[in-house]
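One structure is given here, and the rest of the page talks about it.
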Amino acid sequence: MKSNRVQEENRLDEEGHQIITRARLPRGREIIGVIEQRLGGNKMMVNCLDGKSRNSRVPGRLKRKLWLRPNDVVLVEPWELDFSKADVIFKYPSNQIAWLKKNGYLSDEKKEF
């Protein structure tokens, strides 16, 4: 039985060689984001890669398992009815963040306005 944290997933490229991905990638409506600010309790503002800042919460089943701080990279899933809010479903560890940056899923520098 596979756990929710997919560490290695085997895929094949065009030549048939095996590619090992080392980080959980967004599926469906999931989006990668960076925590901007903690708002208290289980709520926080997350700056998502689609350019929107979402008011996010940690669901009750993950509340004690995810310890989150500003500048952590997380995976969020927007709500069905209100796209300005989301649930935090996964926190990337530092080695997976490096893999995401190396493979172009996450930019290296922060954008200033």
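FYI, it's all coordinate maths here, none of it is from the lab. Just so it is clear, the structure is predicted and the values come from calculations on it, not from any experiment. Counting neighbours? That spans all protein chains shown, and the Cβs are built from the backbone with ideal geometry, glycine included.
Fewest first, what order do 105, 92 take by the number of other Cβ atoms within 10 Å?
Ascending Cβ contact count within 10 Å gives the list 105, 92.
Taking amide hydrogens as modeled 1.01 Å from N in the peptide plane, which residues meet the under 5 Å criterion relative to residue 66, leaving out close sequence neighbours?
none
How many lysine pairs are close in region 25-102, with Cα atoms under 13 Å apart and the two 8 or more places apart or on different chains? Can you show the working numbers first?
Details: 43/63; 43/85; 52/85; 63/91; 65/91.
Number of lysine pairs found: 5.
If amide hydrogens are placed 1.01 Å from N in the peptide plane, which non-local residues have theirs closer than 5 Å to the one on residue 106?
101
Compute the distance in nm between two label points, each set 7 Å from the Cα along the Cα-to-Cβ direction, one at residue 27 and one at residue 79.
Distance between the two pseudo-spin positions: 2.5 nm.
In sequence order, what are the phi-derived ³J(HN,Hα) couplings for region 58-74 according to the Karplus relation 6.51 cos²θ - 1.76 cosθ + 1.60 with θ = phi - 60°, rounded to whole Hz, with x for glycine and proline?
9, x, x, 5, 10, 4, 8, 8, 9, 9, 10, 9, x, 6, 6, 8, 10
Around residue 79, which amide H atoms from residues at least 5 apart in sequence, or from another chain, sit under 5 Å from its own amide H, with H modelled in the peptide plane?
85, 86, 87
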